Every structure is written in structure tokens, then in C-alpha cells.
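Below: one structure, written as C-alpha cells.
The values are calculated or read from the model by the stated rules, or taken from the named source; none is laboratory data. The shown structure was predicted, so the numbers you read here are calculated from the model rather than taken from an experiment. No Cβ is skipped: glycine too gets one built from the backbone with ideal geometry, and neighbour counts run over all protein chains shown. To get the accessible areas, we keep the full protein, side chains included, count just its heavy atoms, and leave off ligands, DNA and RNA. Shrake-Rupley method; radii C 1.70, N 1.55, O 1.52, S 1.80 Å.
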Amino acid sequence: MKAMLLGTGSPPPDPERRGPSTLLSHGDERFLVDAGSGVGVQLVQAGVRPYDWPRIFITHHHSDHVIDLGHLLITRWIVGQNAPLEIWGPAGTRRQLDKLLDYLHWDIEVRRSHMIGRTPPTVTVTEIEEGHVMEAGGVTVSAFLVEHDPVKPAFGYRFDGGGRRVVLSGDTRPCENLMRWSRDVDCLIHECCEMTKTSWYPDCGWPTLEEKIRDLSSYHTQPDDLGRVAVGARVGKLAVTHLMPGSEPHELEKATRKHYPGPLVIGTDLLEV
């Protein structure tokens, strides 16, 4: 089983990083976790043509994790794929996809006017709870709750297959449930949305930069905590993703190494971990 970081960025635009998305594969089976900005281009660069874009697993409904769902759905259909797009996600995913299809309806019908006997694109949505999600191609997919308040529910995913175990944290502050599900896995792909690198403008919703940093840090994992999480879970390798534009890889590595001596990767787009 392989894991590729398609997009390692966060909400602020970063020319070096696309939005959050990760591709898991085992043989011919592929699993896409989240659909951040630019995910379609990244899939093509990873060698996956639009006709074969895979089933999708959504961690939570923050816009940076789902913003390109529409692009995946419509482009896959435009190139000729009529099979339903399979999507798993938290409560609310079905409503989100219904609204997305409604938004795309005009475009779909205009395109169908040039086609012969073509039905509109369809999706199959499975709203998940913690535990076993599905199996395909020798891979078992499980979901577990993480702490990303006030976003509830928010999930991480675990993939077991081919003798390998990989966990994706989703967006979360350090939490015991994530460490429990990550215990002794081969690779933990964990977020680090470093809020000391955020920007601030008047009327942005926080009266001061310090209050914005304190608030947003309360539901993301900061650099000093990365190593503690990896050690607590006894992971074989830690890969860091969901980075802010101002984050410096060498600084993240230094902070993580305070607590974690094991194999460490500071993620970059299209890196196989």
C-alpha cells in the first residue's frame, strides 16, 4: 500500500502547495481522502486520468477539504465516465452533494444538449460513523472521530492493506482517540496548521492577531505537539501535511525532533510517503 500527498496546503493560497488531499493505493485500488483546491491536476500528475478518478473519503466539511468536489464530479463525467462517483463522509455529506448537483444542473444540461443518450452524472453517498467503513481490493478502511471543535463530526481515516497500516489525521488538535487508532501504524500522516503564521486584518473576526492565533490553534495541531503525538502513538513514520504558507520545513522538523526521534517527512506536494 502506498500513500501520496497530493496537496499539503491549507486555506491561504500557496503557489507551492495545493489544497488538502491524499491518495492511497494498493494494486489497482485507489482511495482519495479529501478534495482540496487543485486536486484534479494533482491526480493527473500522479498518473490517474479523469476517467479513473477514485472513490472519495471526506474528513470534514471545511471548504478547503471539499472545494474541488464539483470539479472531480463534473470533469470525470465530461470525459465519459458514467459510473456513479462513490463518496464517503460525515453527516451532511448527502445534503452537500445534492446542493452541488443542483448548482451544476444548468451546466450539465447544456452539455447534454450536444450528446446522444447521455444521462446526468450520479453519486452514491455513504454517511459514516466511527468504525469500519468499507473494504476494497484487500484494503480495509476505518474512520475515527477527532477533535476539531466546533466542527462535529470530524474524522480521521485508517487504511489497512498489503501488510501496511496508514492513518490520516484529518484536521484535529492532539487527541487520545487519534493516538489510539494510530497505535503502531507504519505511517501517520498528520496535520500541522501552524497558526503563528496566520495573517490578520481589521474586521476579520478577531479583535487582535494574538486572539486569532489562540482561537485557531485550539482546534489544530501546532509544531511543538507533533512529536508528542507521534511518540504517544508509537508510529513507524510521521509525515506532516496541511502546512501554512509561512511554515518553514526546517523549523517544523526542529520542533518535532524535540520529542520524536523516528523517521520524519515534512510533506511536499506529490511526495510518496
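Summary table
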{"quantity": "For L178: the one exception among (1) crowded, with 18+ Cβ neighbours inside 10 Å; (2) more than 16 Å from the chain's Cα centre (by Cα)", "calculated": "(2)"}
{"quantity": "Candidates D52, D14 - the one that is open to solvent by less than 50 Å² (accessible area, probe 1.4 Å) and at negative phi", "calculated": "D14"}
{"quantity": "Number of the exception - G7 against (1) open to solvent by less than 10 Å² (accessible area, probe 1.4 Å); (2) within 23 Å of G137 (Cβ to Cβ)", "calculated": "(2)"}
{"quantity": "Selection within the stretch 196-248 - under 23 Å from the mean Cα position of the chain (by Cα), farther than 25 Å from G36 by Cα and either of a type in the set (S, T, Y) or outside any helix (DSSP H, G or I) (or both)", "calculated": "R234, V235, G236"}
{"quantity": "Residue count, the stretch 65-91 (criterion: under 25 Å from P153 (Cα atoms), out of contact with any Pro (no Cβ under 9 Å at 6 or more places or on another chain) and not in a helix (DSSP H, G or I))", "calculated": "5"}
{"quantity": "Among the residues listed as T126, T119, the single one being farther than 23 Å from E272 by Cβ and assigned to a loop (DSSP other than H, G, I, E, B)", "calculated": "T119"}
{"quantity": "Residues located in the stretch 192-240, provided they are touching a His at 6+ places or on another chain (Cβ under 6 Å) and charged (D, E, K, R)", "calculated": "R228"}
